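To start, the structure under review is shown below, and the notes come after it.
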Amino acid sequence: MFYLKQAGIGLLSGLIAGLVLGIGARFAMRAVALAAHRATEFSVEGTLMIVLIGCILGLIAGPGFVAARRYLPGGHTWSGPLYGVLVLLVLIPLMPPPIQQEINQSSDRLLLIIALFGIVFVSYGAVLQSVVAWISSRTADHLSGQRRLSGGHR
């Protein structure tokens, strides 16, 4: 039961933080386009696709954070942001070839791209850590309340 609860906390937290990841990635893409003096094209479909990808990545990475957080350096303060950076580092070699090609063509803006997406993933990790802590405390309060009402310990 414990592992099922932890998986649920990871999935829900990952989904919520993934929303932040997707929205942040969309803003970072817009900033990179503006820095390249490109016309910034906006489409609802494109934005929703980026946010959806962020949510999917969050769903995948969220349970990993719940499982790994006690082993990450930085304690309760830095484990989430560090995890966000680790997720970014894992994703870099997994980028589709068109994105890799675009990054290679943007070598003059590489520091901007690294900084913006670094901030996005650090923010993702911080939100993930906060949401995990909040949900964990709420479920612990709920369980302890149930124990008091039933008069027993589990």
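Structure summary
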| item | result |
| --- | --- |
| Where Gly8 falls short, out of the listed (1) part of a helix (DSSP H, G or I); (2) open to solvent by 70 Å² or more (accessible area, probe 1.4 Å); (3) without any contact (Cβ under 8 Å) to a residue 24 or more places away in the chain; (4) closer than 30 Å to Ala140 by Cα | (2) |
| Members of segment 96-129 found to be touching a residue at least 12 places away in the same chain (Cβ under 8 Å) and farther than 28 Å from Val66 by Cβ, listed by number | Ser106, Arg109, Leu112, Ile113 |
| Segment 83-100 - residue that is hydrophobic (A, V, I, L, M, F, W, C) and over 10 Å from Phe121 (Cβ atoms) and, of those, modelled with the highest pLDDT | Val90 |
| Subset of segment 25-48 [farther than 23 Å from Ile114 by Cβ, assigned to a helix (DSSP H, G or I) and among the hydrophobic types (A, V, I, L, M, F, W, C)] | Val44, Leu48 |
| Flag for Val66 being crowded, with 20+ Cβ neighbours inside 10 Å, within 20 Å of the chain's Cα centre (by Cα) and among the β-branched types (Val, Ile, Thr) | yes |
| Pair list, Cβ < 7 Å and 6+ apart or interchain, from segment 130-143 residues that are within 12 Å of Ile16 (Cβ to Cβ) and assigned to a helix (DSSP H, G or I) to residues that are open to solvent by 30 Å² or more (accessible area, probe 1.4 Å) and modelled with pLDDT of 90 or more | Val131/Ile16; Ile135/Leu12 |
| Subset tally (residues that are among the hydrophobic types (A, V, I, L, M, F, W, C), under 21 Å from the mean Cα position of the chain (by Cα) and open to solvent by less than 80 Å² (accessible area, probe 1.4 Å)) for segment 20-49 | 8 |
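The values are calculated or read from the model by the stated rules, or taken from the named source; none is laboratory data. Please read all numbers here as calculations on a predicted model, not as lab measurements. Cβ atoms come from the backbone with ideal geometry, glycine included; neighbour counts cover every protein chain shown. The accessibility values were calculated without ligands, DNA or RNA, using every heavy atom of the protein model including side chains. Shrake-Rupley method; radii C 1.70, N 1.55, O 1.52, S 1.80 Å.
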